[in-house]
């Protein structure tokens, strides 16, 4: 670490190489620079020599111990075997999923369709995939000619798998003659021949890769005998691959409910769920929260507690030491092994990215964009195969979700998670690994010996810290620490001064209300800093030294009180993400002024939370010079004065330039009914625009002209119109990339509007919304083949108009529908009987849909009593 720091300081001291003016002047500058850096050059040369000596010593030690010749043997006991022999009476919360999947497996048993089906069960390690597969297998195996159950390792021996299956299947004695001499191809051919004329049930447990599945499945013939295969995996892509032939189903495992978790926990310890003494109930709840509904964790921890005295202090000791106990207590070996299987299967890059997550406390929702930017700033990510660092980092994020290492949160219209969470038990594991590898040090997470290892700290996360530990850190040399994260700390004023953290690449203060008490002097000395965040802090002014952080790439000021940036901020020409304002429901808004001269910051890619009207018109016009800008989120106020009109003209000028460059996302927020008619004149060819979001009470009188040029690229559209006409829906329906449409209208439309059958080929979410506080209504129906992929639907139903047609929405024309919300809108004279008829008709239509979509019906009777309104409001699963 010290050598790495010295290299960085050395490069910084050398500067950028000076001028290129030529002649005597250049020679003079070059000579002066060499003399000035002579000491640094000698120092770094000496350290390089030291490193060479150390490398030679390590190589000699490796040779002397003959480490390359050692074969590391893994445990011969499969940690999943216990799941195969659990008594049925000890299982909890499995009946519902087992019966559902068993029924699906036996569907079409007596019909003319006799195709093979594949069920893939996917989920986090320890959720009970093997147990569920075994229970389904046990329930239905009597319906098949032959059955077999085989487990797959991370490095599968396909020949052995085939032999195991053959040995479990009934066959003539001479069929297996010479089996020990068969190669993989012969084993596969023999198994396929054996199953060719049989109705078989096969379980392939714990598949780790798509190639493994592709190889194994070749042995299972499509023989039209209604055969079935059950596959379990921790990896979503593998589960999907198993179901690709069209006769498959992917089942995602869920954690146990609180009720079932308690039942399993207390049954394992006391033999009965009612056997827990009152004095232990509170600590039991804390332990169960840590287990997070993970059956394996509950069984492992309860088995450990069953050997302990029934004393509150003893149970509290176990709760506090669960993380370290994973490595030290033999009764937790099974759980540790299973969690470690997934970890050990990761590539080195993914392991690094996963371990980094322990900088955040348990139950924290970790935003994807923040995590990606931090990974890049830390130097974990490199460009590869024509992909940018941003794309590579995002791929790593989704890989961790795909491999069930983290849990997706806030899944968007495009199916991608906007954030993630780490299961408490997985968090304990990665904390243990991180501490072991000296990757991240946690202050306040039970790391009582942190002060003894200060000289080894590389990345420091301060989550909860007392004054004593803060003071110890303040007196240590922390010049080698590469990242510092302080979350909601109350002793922040006692932490070491920033001037001592000269190697920092990442600095984040999150939700620190007392940040004003901390000494920020010396922040300009952090010449390596790339990521700086003050999110959620009580800060109204930035430290003046920030303008000299020339390597900064991300500055996050969201949810602070900062309304104006220092003028020198425009010197940070490497800045890519400038984030300000506050955020509500994902919509950034705020009163921060755009800094004058922002046009010089040519690397900016994201600008968020700035106020157009509070900034100067010339500055707003400079936004158009930012040719690298991809995301622009701004607030627009007032819009009435002549001066405000000039701001709008400048914004339009900038948008016309940006639209022809890389602009992918435009969000305009207004807290009032600020007109944005100027957008009609936005007329570039919008080849890259993917998201347009207008959040305002103003409604455009008609569809803007720029929509048509942007048809091919827009995936998310949030737009306000006076009315939603069939012509508007026809235009929008021609967008081939549109995945989510949020359309708000304000008029009462007394004619039925129909979505044509050729529209919206890729749309997944459609929200047709009446504007708040407006007497607006519409009756919308769907032709056959309209919106063939829509899954979520929200729309109003104008009861008076719909009555003439029988209240039908034609939901059966939407084959992928999963969620429906209907708001019943009415005239003043609409009777309760008609409202009830509308309610009943919609329910009948939803119940008759093959998918049985989740239905919510909201009744909005402006002059009805609260009791009557409640009687017409429902939110249930049909």
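Annotations
- Residue in the range 462-484 that is in contact with a helix residue (DSSP H, G or I) (Cβ under 6 Å, 6 or more places away or on another chain), assigned to a strand (DSSP E or B) and either modelled with pLDDT of 90 or more or not assigned by TED's automatic domain parsing to the domain that holds residue 371 (or both) present: no
- Filtering the range 537-556 to residues that are out of contact with any strand residue (DSSP E or B) (no Cβ under 6 Å at 6 or more places or on another chain) and touching a residue at least 40 places away in the same chain (Cβ under 8 Å) leaves only 553.
- Restricting the range 204-216 to residues that are out of contact with any helix residue (DSSP H, G or I) (no Cβ under 6 Å at 6 or more places or on another chain) and touching a residue at least 60 places away in the same chain (Cβ under 8 Å), the residue that is farthest from residue 146 (Cα to Cα): 208
- Residue within the range 384-395 that is assigned to a strand (DSSP E or B), out of contact with any strand residue (DSSP E or B) (no Cβ under 7 Å at 6 or more places or on another chain) and either surrounded by fewer than 17 Cβ atoms within 10 Å (Cβ to Cβ) or modelled with pLDDT under 90 (or both) present: yes
- Residues (surrounded by 18 or more Cβ atoms within 10 Å (Cβ to Cβ) and touching a helix residue (DSSP H, G or I) at 6+ places or on another chain (Cβ under 6 Å)) located in the range 257-275: 261, 264, 265, 268, 269
- The residues of the range 404-417 that are within 27 Å of residue 792 (Cβ to Cβ), surrounded by 15 or more Cβ atoms within 10 Å (Cβ to Cβ) and touching a helix residue (DSSP H, G or I) at 6+ places or on another chain (Cβ under 8 Å), listed by number, are 404, 406, 407, 408, 417.
- Residue among 356, 343 that is within 22 Å of residue 460 (Cα to Cα) and surrounded by 15 or more Cβ atoms within 10 Å (Cβ to Cβ): 356
Quick grid of which residues meet (1) outside the structural domain of residue 768 (by TED's automatic domain parsing); (2) modelled with pLDDT of 85 or more; (3) surrounded by fewer than 16 Cβ atoms within 10 Å (Cβ to Cβ):
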position	(1), (2), (3)
672	yes, no, yes
680	yes, no, yes
685	yes, no, yes
688	yes, yes, no
695	yes, no, no
707	yes, no, no
714	yes, yes, no
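- Restricting the range 749-768 to residues that are under 15 Å from residue 720 (Cα atoms) and buried (at least 17 other Cβ atoms within 10 Å of the Cβ), the residue that is modelled with the highest pLDDT: 766
- Among the residues of this structure, residue 483 does not count as one that is crowded, with 22+ Cβ neighbours inside 10 Å, in contact with a strand residue (DSSP E or B) (Cβ under 7 Å, 6 or more places away or on another chain) and farther than 21 Å from residue 438 by Cα.
- Any hit, the range 433-444, residues being over 23 Å from residue 529 (Cα atoms), assigned to a strand (DSSP E or B) and modelled with pLDDT under 90: no
- Check on residue 286, within 13 Å of residue 424 (Cα to Cα), assigned to a helix (DSSP H, G or I) and at pLDDT 80 or above: yes
- Filter result (surrounded by fewer than 19 Cβ atoms within 10 Å (Cβ to Cβ) and either touching a residue at least 12 places away in the same chain (Cβ under 8 Å) or closer than 14 Å to residue 729 by Cα (or both)) within the range 773-783: 774, 775, 781, 783
- Condition check for residue 850: over 22 Å from residue 770 (Cα atoms), surrounded by 12 or more Cβ atoms within 10 Å (Cβ to Cβ) and either within 31 Å of the chain's Cα centre (by Cα) or modelled with pLDDT under 75 (or both): no
- Residue match in the range 861-872 (condition: at pLDDT below 90 and in a strand (DSSP E or B)): no
- Residue under evaluation residue 230, criteria (1) buried (at least 20 other Cβ atoms within 10 Å of the Cβ); (2) touching a strand residue (DSSP E or B) at 6+ places or on another chain (Cβ under 7 Å); (3) assigned to a helix (DSSP H, G or I), criterion not met: (3)
- Set 275, 271, 248, 293: member being closer than 29 Å to residue 403 by Cβ, more than 24 Å from the chain's Cα centre (by Cα) and not assigned by TED's automatic domain parsing to the domain that holds residue 423: 248
- In the range 582-596, residue modelled with the lowest pLDDT [restricted to those that are more than 18 Å from residue 616 (Cβ to Cβ) and either in the same structural domain as residue 377 (by TED's automatic domain parsing) or crowded, with 20+ Cβ neighbours inside 10 Å (or both)]: 588
- Search result, residues across the range 215-233 that are over 15 Å from residue 191 (Cα atoms) and at pLDDT below 90: 224, 225, 226
- Only one of 599, 568 that is over 19 Å from residue 534 (Cβ atoms), surrounded by fewer than 22 Cβ atoms within 10 Å (Cβ to Cβ) and touching a helix residue (DSSP H, G or I) at 6+ places or on another chain (Cβ under 8 Å): 599
- Failed item in (1) modelled with pLDDT of 85 or more; (2) assigned to a loop (DSSP other than H, G, I, E, B), with residue 513 passing the rest: (1)
The values are calculated or read from the model by the stated rules, or taken from the named source; none is laboratory data. Since we're looking at a predicted model, the values are computed, not measured. Neighbour counts run over all protein chains shown; Cβ positions are idealised from the backbone, glycine included.
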